[in-house]
1. Which trypsin sites (Lys or Arg not before Pro) from the range 49-87 combine a DSSP loop assignment with at most 14 other Cβ atoms within 10 Å?
2. Sort Glu194, Glu99 by Cβ crowding within 10 Å, fewest neighbours at the top.
3. In debye, nearest 20: dipole of the range 22-172 around its Cα centre with unit charges on the Cβ of K, R (+) and D, E (-)?
4. Which of the aspartates and glutamates could a cross-linker bridge to Lys68, judged by Cα under 12 Å and excluding same-chain residues fewer than eight apart?
5. Quick one: net charge around Val170, please, counting Lys, Arg +1 and Asp, Glu -1 for every other residue with C-beta under 13 Å from its C-beta.
6. Would you list, by chain and number, the aspartates and glutamates whose Cα falls below 12 Å from the Cα of Lys37, excluding same-chain residues fewer than 8 positions away?
7. Going highest first, how would you order 177-187, 125-135 by mean Cβ packing within 10 Å?
8. So how do Val61, Val169 line up by other beta-carbon neighbours within 10 Å, fewest first?
Amino acid sequence: MRSGLLLRGVLGAAIAGLAFAALAQPAGALEISKHAKDNAETNAIQLKGRIDDGDTYELQVYIAGLAKKPNVVVYLNSAGGNLREGMRLGRFFFQNKIETVVESKTQCASACALAFLGGRDESGKPRRTKASTGGVGFHSFTREFDKDKNYSSDDLKTVVQMTQNQVAVVAEYLKAVNADLDLLRVMLRAAANEMNYLSNDDALVPTSGSGTRSATRWSSPTTWSASLTGPRL
């Protein structure tokens, strides 16, 4: 096989990077703090920085120390990190009915974008809000090979098996948080060394078989936000 061989195919290429690391990830541990929108009814929490193993546990500890309020909203601002921890965070949001928000002029990419998908409101309905100028980004993946090494068919079988296993992991996650499996295609719209930021058009996906697109919630009269609910992302 030649150096830089791309694992092709809609699912295989998208998920192979989970095992092989796609983009150079940001430095700096995840910061957990009170968000400015915290109030008597809502525990508003800011997550900022790189997502790493153990961050979900740290967030659980942080929330356990807060006063009990009807709602918990997490504001995400991260360029990514550990994808498995991102999915772990997303499951935590989903299981505990925590809303997720990406504010104006902030970004939530890679592992953060997967975590974002776990947002739910207090009634249990998906509640993921992206401001019109906020960035939710996904990227595709590649597998680099040593150009000086000869690879056997068994090596290729191993790579294929690893890819298939990772496909199952991410597909299971998307299903668990009521996200559309077609999101895997979104991950392929950018090269492995680039980022595909979800457009506002893509954020507003059909809510029924009619193909109609609409925003179901608005954050304020002046700031557009797509609340991705039901079978959406």
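Read-outs: derived from the displayed coordinates by stated rules, not from any lab. Quantities reported herein were computed from a predicted structural model and do not represent experimental measurements. Note that we place each Cβ from the backbone using ideal geometry, even for glycine, and neighbour counts take in every protein chain shown.
1. Values: sites: Arg50, Lys68, Arg84; in loops: Arg50, Lys68.
Sites meeting the loop and neighbour criteria: Lys68.
2. Values: Glu194 12, Glu99 22.
Starting with the residue having the fewest Cβ neighbours, the order is Glu194, Glu99.
3. Numbers: 20 positive and 18 negative charges, 105 e Å.
Dipole magnitude for the range 22-172 comes out near 500 debye.
4. Here the aspartates and glutamates satisfying the reach criterion relative to Lys68 are Glu41.
5. Numbers: positive: Arg84, Arg88, Arg91, Lys175, Arg185; negative: Glu172, Asp180, Asp182.
So the environment of Val170 carries a net charge of +2.
6. Output for Lys37: Glu103.
7. Numbers: 177-187: 18.7, 125-135: 21.3.
Descending mean neighbour count gives 125-135, 177-187.
8. Numbers: Val61 10, Val169 16.
Exposure proxy ranking, most exposed first: Val61, Val169.
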